[in-house]
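Working notes, structure below.
The values are calculated or read from the model by the stated rules, or taken from the named source; none is laboratory data. All of these numbers come straight from a predicted model, not from anything done at the bench. Glycine also receives a Cβ, built like all others from the backbone with ideal geometry; neighbour counts cover every protein chain displayed.
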Amino acid sequence: MSFGVTRFNSKPVGASTALAMVAALVVPLSGTAVAGHVATVTVTPATTVVAAEQCEPIVVQTTGGTSPTNALVDVEVRSTKIILNESAADVQFCDPSAAPGVVNPVLIDPTTGDLGPGPIESDGTIGGEETTIGDPTILGNGILTFGIQSPLDAAEFDFLVFVEEGAGDDDPNGSEPRFGTDERLGSGDPIEGAAETVTSVNCSPQNDLLPGGSVHNFRCVAGDLAGAGVTGALIAFDVVEGPNAEEVETTSCGVTDADGTARCSYTDATGAVSPPGTDTIVGFVDLNPATSGPEVGAPRDRIHAQFLGAAATIKRVKSRLTLEKRFKGRVRAGKSVCKKKRKVVLKKVKKGRDRTVGRDKTNRRGVYKIFKRRAKGRYYTKMKHREVAKNGNIINCTKARSKTVKRRRR
């Protein structure tokens with residue numbers, strides 16, 4: 001499916017309302033507009049970064065055509081940080097009615113999606129369907145507002161919405177208006193000559209930890225000589241070493257989107273009884289899809305996925321990061337493994353993008369200290385999430401950001 005790629009950092013909207021998901025399937029209303037009666041569908045914001053435990057409102061509008069109101073819209077949401085390898089309950093739809101100025105708030109029922117069991121569908125999204133009403137601010141347009149909620153701070157989400165043709169098949173067909181430019185796994189046509197302009201491939205995460213029998217999701221970015229993302233290049237991968245080397249052959253990730261990104265995925269092949277081990281994965285530009293593996297000279301990258309035993313679980317441990325005015329601070333967490341050796345960066349608040357001005361690594365007690373001479377202005381520290389294997393299980397240490405402090409030069 002297609003996903004938006006414009007990066008947009010939305011602001012938190014206040015405390016979320018915890019509501020139970022609607023149990024009944026949503027049945028299209030009589031006279032629901034089909035795709036031929038709607039010209040365009042849009043999402044605002046196209047992508048968003050959600051604050052922890054907040055219900056973030058996302059606006060869907062249907063415009064043009066002969067009947068843009070009362071249109072059945074299919075909503076698909078993908079998180080690059082949360083949904084992957086975590087439980088379905090971690091990310092959920094919520095009721096956005098508590099946010100100011102919301103028009104037609106809806107609580108999407110994920111059981112209206114039909115791609116897979118439960119809230120997470122087989123393509124790694126959560127999804128469902130709802131119907132627009134007339135937009136009171138723009139005569140003739142349709143509108144609905146849904147909400148998403150995440151347990152982690154700064155979790156990033158992409159969206160795909162499309163107008164269903166009649167009862168729909170949960171896939172955007174050629175005649176159905178859609179919003180989103182990042183092509184779904186295995187779909188989309190390569191752009192002629194795009195692959196030949198790619199000089200580098202960067203796949204992530206470099207190292208991943210997963211329970212046995214689970215799905216490994218990753219992404220590969222194709223770049224040109226100037227470092228810009230290349231759109232329309234075909235990307236593939238192969239598992240060259242590890243427990244899935246024989247079972248997983250060369251697999252297409254589809255074509256790269258406007259940022260040069262393609263999303264890739266495979267399942268630990270032998271399921272719940274899969275032996276533990278580490279896969280070595282090579283992602284590459286597929287210059288000749290008719291052959292197996294990368295062509296000689298094709299740009300590529302190596303990453304690793306460590307699969308633990310079938311009984312392995314993922315435990316999320318919340319991390320907190322403090323900062324004092326002298327740029328000393330501490331990581332606080334319920335597990336010692338989430339405190340020590342965490343990489344911390346010091347950021348200076350600037351107009352536009354904040355700048356990294358210092359780095360340190362915490363000691364075994366979670367303490368760090370960053371030296372910054374002639375400091376003046378507003379600063380904060382942050383750290384990325386970290387996953388570690390312990391006693392056969394996965395500890396997911398959350399990312400964190402400190403409060404902002406102000407320094408006056410002396």
Would you call V22 outside the structural domain of I133 (by TED's automatic domain parsing), within 21 Å of the chain's Cα centre (by Cα), in a loop (DSSP other than H, G, I, E, B) and at pLDDT below 75? no
Would you check if A228 is farther than 30 Å from V388 by Cβ and either of a type outside the set (V, I, T) or buried (at least 20 other Cβ atoms within 10 Å of the Cβ) (or both)? yes
Are there any pairs, at least 6 apart or on different chains, whose C-beta atoms fall under 8 Å, with the first in region 264-290 and outside the structural domain of E249 (by TED's automatic domain parsing) and the second at pLDDT 90 or above, and if so, which? none
With a cut-off of at least 1 residues that are at pLDDT 85 or above and over 20 Å from I133 (Cβ atoms), name the strands (runs of 3 or more DSSP E) lying wholly within region 25-117. 56-63
Does P136 satisfy the criteria of being over 13 Å from V59 (Cα atoms), touching a Pro at 6+ places or on another chain (Cβ under 8 Å) and at pLDDT 75 or above? no
Look at L234 and say whether it is crowded, with 20+ Cβ neighbours inside 10 Å and over 17 Å from P205 (Cβ atoms). yes
A careful count of residues in region 299-318 that are among the small types (G, A, S) and either closer than 26 Å to A375 by Cα or at pLDDT 90 or above (or both) gives 1
Kindly evaluate G329 against the criterion of being surrounded by 13 or more Cβ atoms within 10 Å (Cβ to Cβ) and outside the structural domain of G260 (by TED's automatic domain parsing). yes
Name the residue, out of E246, E295, E241, E324, that is over 30 Å from I191 (Cβ atoms), surrounded by fewer than 14 Cβ atoms within 10 Å (Cβ to Cβ) and either of a type in the set (F, W, Y) or at pLDDT 90 or above (or both). E324
Region 196-261: strands (runs of 3 or more DSSP E) wholly inside it with 1 or more residues that are hydroxyl-bearing (S, T, Y) are 200-204, 251-255
